[in-house]
Amino acid sequence: MRWQQLFTDLQAEFEEAAAAEERAELPSRSRAETAAVRLTGRLGGAVGARVSLRCRGAGEVAGRLEEVGPDWALLTDEAGREVLVALPAVLAVSGLVRSTAAAEPASPVRAALDLRRALRGLARDRAAVAVVLDDGAVLTGTVDRVGADFVELAEHAPEDFRRAGAVRSVRAVVLAAVAVVRTLTPGAA
């Protein structure tokens, strides 16, 4: 009977020491886990929520966060337009929720869904867009093609469809300079 009590006491002491050690490690483990979180993970936890992104050249861009890619975020603004934001242009984010998207190993398919791929979708759709550069310049037109490090824009008035007679010029824009791409409906600015 004494041996049982001794073993019970030793087990309780061991469990208390282990719990104390875990409590002591928790803050540093939590800091280490937080240090590994990327902005895409924080944004991923807010999909479906209203967020505001402060962007170089474009200022405040707000809307419902629809999707997050490896280097972009897609929002729907108050007017119902889709707004593609290049994450390298983001300076600050507000409206984040407490949760963070679970860290998943980047699959080759998911990693390939970068800004270039998203812009290629706009080119395929022949959507009229306003491209805001990181210096604040706004170019309007239709994305014609996307290269390895540039996007080619057929510039035309926002109220026009892309027709040969409406195109004023074709401009190659360095991808690194793209801050925001906002879809337009011809006839609206």
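Counting only protein chain heavy atoms and rolling a 1.4 Å probe, the accessible areas of GLU78, GLU159 rank, largest first, as GLU78, GLU159. For the peptides 81-90, 120-129, 60-69, the ranking by packing is 81-90, 60-69, 120-129, with the highest mean count of neighbouring Cβ atoms within 10 Å listed first. Taking the full set of protein chains and a 1.4 angstrom probe, give the accessible area of PHE150 in square angstrom, rounded to the nearest 10. Accessible area, nearest 10 Å²: 70 Å².
For the pair ASP77/GLU22, report the inter-label distance in nm, with labels modelled 7 Å from Cα in the Cβ direction. In this crude label model, ASP77 to GLU22 measures out at 5.0 nm.
The values are calculated or read from the model by the stated rules, or taken from the named source; none is laboratory data. This is a predicted model, so every value here is computed, not measured. Note: ideal-geometry Cβ built from the backbone for every residue, glycine included; neighbour counts use all protein chains shown. Surface accessibility is based on the protein's heavy atoms, side chains included, excluding ligands, DNA and RNA. Shrake-Rupley method; radii C 1.70, N 1.55, O 1.52, S 1.80 Å.
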